[in-house]
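Undergrad: If you scroll down you'll find the structure; I have some questions about it.
Every number here is computed from the coordinates shown, using simple stated rules; none is lab data. Predicted, not measured: the structure shown is a model, and the values here were computed from it. We place every Cβ from the backbone using ideal geometry, glycine too, and count neighbours over all the protein chains shown.
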Amino acid sequence: MPMLELQDVHAYYGNIHALKGISLTVEEGEIVTLIGANGAGKTTTLRTISGLLKPRQGKVYLEGEDLDQYKAHEIVYKGVAMVPEGRGIFAKLTVAENLDMGAYSRRDKKGIAEDLERVFELFPRLKERRNQVAGTLSGGEQQMLATARALMARPRLLLMDEPSMGLAPVLVEDVFDRIMEINHEGTTILLVEQNAHMALQVAHRGYVLQTGEIVLGDTADGLRQNPMVQKAYLGME
Amino acid sequence: MSKKLAVPLLVLALFVIIVGGSWLRIFNEYWQVVFFYIGINIIMAVSLNLINGYMGEFSCGHAAFMAVGAYVSGILTVWWFAEDKVFGPPVLPASLGILLVPVAILIGGLAASFVGLLIAIPSFRTRGDYLAIITLAVNYIVKSAIENMEIIGGPRGFLGMQRVMNAITAVLDIPWLLIWTFIGGIGTIILIQRFVSSTFGKGVMAIREDEVAAGLMGVNTRWVKLIAFMVSCGLAGVAGGLFAHGPGGYINPGMFTILKSTEAMVMVYLGGMGSISGNVLSAVFFTLLLEMLRPLGVYKWVVIPLLLVLMMLFRPSGLMGSRELGDVFPQLRAWFGKEEEYAPASN
């Protein structure tokens, strides 16, 4: 049974038909990436999975369970955490308080303390700045914090929305290294990216979205070799 | 050990000085009234701070909830313990009043928090200015509703609480009202402090920062907002209940206008949004200021807004900002800072 399965999901913003029948699967342990241009529906897809937006038609299954009945805050308890677009950190709270918030859905103090150590190992910079107000962090540090905060929920499925957005190229590589590391430790990842080049390097499989529809789904290697992908998303002629 | 006891000892000393001093008439009646108003204002400011400071919403009808608490508890105590035209002779012996008047005040708080629930359900569907507009309207609605209820005096007001207090002091002559107000004030501070440092309270602050992200952390934002609003309104109701039993034992709808709500807001913004100790300081300061400006009569409402404008110009985040006393004077932190702060950071 796949970790996550979307079956013919249609979603709307008012009258705008944003997703026109998305079907995809994410298997346990995978990194799957959604690539596509602005407005293709990548973020919308993540929003329908995390419950911020309800599909008008079609189903979202997490390990076979229909997520339709759950609200966004309940889906967190199902083991799905999201790193929202633009990071959505709590700017006036400290780094440590932000991480505390990440563990809001949990009550096991011991496990939380362990995970705190783990994310500090993953992002040593955050440990140095644990008492700093999050709004004063640099863009890269804020991205680290948003990722670390999502990990504090100890998710089985991590949804990441544009983790490379607005970051210097050297930091982008670092972010993707961390994504691989998180995945190696056993977290399944669904990654939305405009930076198709980097995304296809770390992902096992990928889907290409165009105006609310999946036009292509293949292994990351397969997509990299695909002439259409090369032309449209990798900038190769 | 000794430092941990410092705060309780300080509170106890304050209690002994204020209540004991009042009992022995070291403080004259005027000062007793000032202490009483300080206590009420602390409850009003600290409770409003939960909504306007920690949650980042904007409620501007806090006096409406105070009115609900005042009338509900006033009616209950007059019915129970006083001879009244509407409610007839007292139904309970005055000696029970020592216990039951605080209970009535708490019931007033519950009633206020129930009214808060009725308002919160529609107004928290969306964020932003809606709550401000709705609470503003509620302030007028509550005032007009009471004005039109002839059975509780309408615009002429409701009295009889003095007879209740007289009956109780006839049983045992100690300053009961000051004792209850003191407990109410300290209780409010402890309750709000516990609330905002709990996981639930962290959810309140997360909502202020980014509501969508808070939801993605598993915060049931609608529920958290509802509970926080009800707690805040309930405490305003308690303040109202105490107020109703104050000197003269008389309340009228004109006491709970938008001006009263504004006073509470002024104290919150003066003290700093999201700072409990700041709010306590500003409640003390503001009450004393009102008393000092009393000779100016109506003109104090020229001076006070002016002070507020100056405050906004030179210290826009209020006296304390979002900091607590312990952040400003680190040596105090071990006494009453945030708990996690004096746990040494493990590096």
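Undergrad: Counting partner chain Cβ atoms within 10 Å of every residue's Cβ in A:65-74, what's the average? Walk me through the intermediate numbers first.
TA: Details: counts 0, 0, 0, 0, 0, 0, 4, 9, 12, 3.
Counting Cβ atoms of other protein chains within 10 Å of each residue's Cβ and averaging gives 3.
Undergrad: When you look at the Cβ of every residue in A:100-106, what mean number of other chain Cβ atoms sits within 10 Å? Can you show the working numbers first?
TA: Working: counts 5, 13, 3, 4, 11, 4, 2.
Rounded to a whole number, the mean comes out at 6.
Undergrad: For A:SER23, list long-range residues whose amide hydrogen, built 1.01 Å from N in the peptide plane, is under 5 Å from its own amide hydrogen.
TA: A:ASP8, A:VAL9, A:ILE214
Undergrad: Please quote Rg/Rh for the protein assembly as shown to two decimal places, taking the Kirkwood radius as Rh and restricting both calculations to Cα atoms.
TA: Reported Rg/Rh, Kirkwood definition of Rh: 1.08.
Undergrad: Ranked by Cβ crowding within 10 angstrom, fewest neighbours first, how are B:PHE243, A:PHE123, B:PHE35 ordered?
TA: The fewest-first ordering by Cβ neighbours comes to A:PHE123, B:PHE35, B:PHE243.
Undergrad: Follow-up. Provide the convex hull volume over Cα atoms per residue for chain B, in Å³.
TA: Taking only Cα atoms, chain B has a hull volume of 154 Å³ per residue.
Undergrad: Please list, in order along segment B:140-155, the HN-Hα scalar couplings obtained from phi with the Karplus expression 6.51 cos²θ - 1.76 cosθ + 1.60 (θ = phi - 60°), rounded to whole Hz, x for Gly and Pro.
TA: Each residue's phi maps through the Karplus curve to give 5, 4, 4, 4, 5, 4, 5, 4, 9, 9, 5, 4, 9, x, x, x Hz.
Undergrad: Now a separate question. Alpha carbon centre of segment A:89-117 versus segment A:5-80: separation in Å?
TA: 26
Undergrad: Could I ask something else about it? Binning every alpha carbon pair distance of chain A at 5 Å from zero, what are the percents per bin?
TA: 1, 7, 15, 18, 20, 17, 12, 7, 3, 0, 0
Undergrad: Determine the shape class of segment B:1-105: with a ≥ b ≥ c the square roots of the Cα gyration tensor eigenvalues, call it rounded for a/c under 1.5, and otherwise prolate if a/b is greater than b/c, oblate otherwise.
TA: Note, shape of segment B:1-105 comes out oblate.
Undergrad: With θ set to phi - 60° and the Karplus curve 6.51 cos²θ - 1.76 cosθ + 1.60, what are the ³J(HN,Hα) couplings of segment B:109-117 in order, to the nearest whole Hz, using x for Gly and Pro?
TA: x, 4, 4, 5, 6, 5, 4, x, 4
Undergrad: Pull up the cross-link candidates among the aspartates and glutamates for A:LYS92, meaning alpha carbon to alpha carbon under 12 Å and not fewer than 8 places away within one chain.
TA: Partners found: B:GLU209, B:ASP210.
Undergrad: Under 5 Å between amide hydrogens, which residues at least 5 positions from A:GLY58 or on another chain qualify, with H placed 1.01 Å from N in the peptide plane?
TA: Those lying under 5 Å, H to H, from A:GLY58 are A:HIS10.
Undergrad: Turning to a different aspect of this structure: Under 13 Å Cα to Cα from A:LYS78, which aspartates and glutamates show up? Leave out anything in the same chain fewer than 8 places away.
TA: A:GLU63, A:GLU65, A:ASP66, A:ASP68
Undergrad: Determine the dipole magnitude for the protein assembly as shown: charges of +1 sit on the beta-carbon of Lys and Arg, -1 on that of Asp and Glu, nothing else is charged, the reference point is the Cα centre, and the result goes in debye to the nearest 20.
TA: For the protein assembly as shown, the charge dipole is close to 1640 debye.
Undergrad: Quick one, what does Rg over Rh come out to for segment A:91-154 if you take C-alpha atoms and the Kirkwood Rh?
TA: Details: Rg = 10.6 Å, Rh = 11.3 Å.
We get a ratio of 0.94 for segment A:91-154.
Undergrad: Next question, about the same structure. If packing is taken as the mean number of other Cβ atoms within 10 Å per residue, what is the order of B:272-280, A:130-138, A:7-15, highest first?
TA: B:272-280, A:130-138, A:7-15
Undergrad: Pull up all non-local amide H partners of A:TYR207: gap of 5 or more, or a different chain, and H-to-H distance under 5 Å with H placed in the peptide plane.
TA: Distant-sequence amide H within range of A:TYR207: A:THR33, A:LEU34, A:ILE35.
Undergrad: What translational diffusion coefficient, in µm²/s and rounded to a whole number, does the Stokes-Einstein relation yield for segment B:29-165 at 4 °C and a viscosity of 1.567 mPa s, taking the hydrodynamic radius as the Kirkwood radius over Cα pairs?
TA: Rounded to a whole number, D works out at 79 µm²/s.
Undergrad: While we're here: Which is farthest toward the positive dipole end of segment B:146-265 among B:HIS245, B:TRP176, B:GLY153, measuring Cα position about the Cα centre, with Cβ charges +1 (Lys, Arg) and -1 (Asp, Glu)?
TA: The residue sitting most towards the positive pole is B:TRP176.
Undergrad: Okay, next question. I want the antiparallel fraction of DSSP beta bridges within the protein assembly as shown, as a percent rounded to 5. If you can, show how the numbers build up before the last one.
TA: Values: 25 of 44 bridges.
Counting only bridges with both partners in the protein assembly as shown, antiparallel ones make up about 55 percent.
Undergrad: For segment A:1-139, take the alpha-carbon Rg, divide it by the Kirkwood Rh, and send me Rg/Rh.
TA: Result: Rg/Rh = 1.01.
Undergrad: Let me ask something else about it. If you plug each phi of segment B:130-137 into the Karplus form 6.51 cos²θ - 1.76 cosθ + 1.60 with θ = phi - 60°, what whole-Hz ³J(HN,Hα) values come out, in order, with x for Gly and Pro?
TA: 4, 4, 4, 5, 5, 5, 4, 4
Undergrad: Sorting A:MET180, A:MET228 on the 10 Å Cβ count, fewest up front, what's the list?
TA: Listing A:MET180, A:MET228 from fewest to most nearby Cβ atoms yields A:MET228, A:MET180.
Undergrad: Can I ask one more? Helix-only mean residue ellipticity at 222 nm, the protein assembly as shown, DSSP H runs n ≥ 4 weighted -39,500 (n - 2.57), per residue, nearest 500. What is it?
TA: -17500 deg cm²/dmol
Undergrad: In a Gaussian network model over chain B where Cα atoms closer than 10 Å are linked, find which of B:SER73, B:SER113, B:SER144 has the largest mean-square fluctuation.
TA: Checking each option, the largest mean-square fluctuation is seen for B:SER144.
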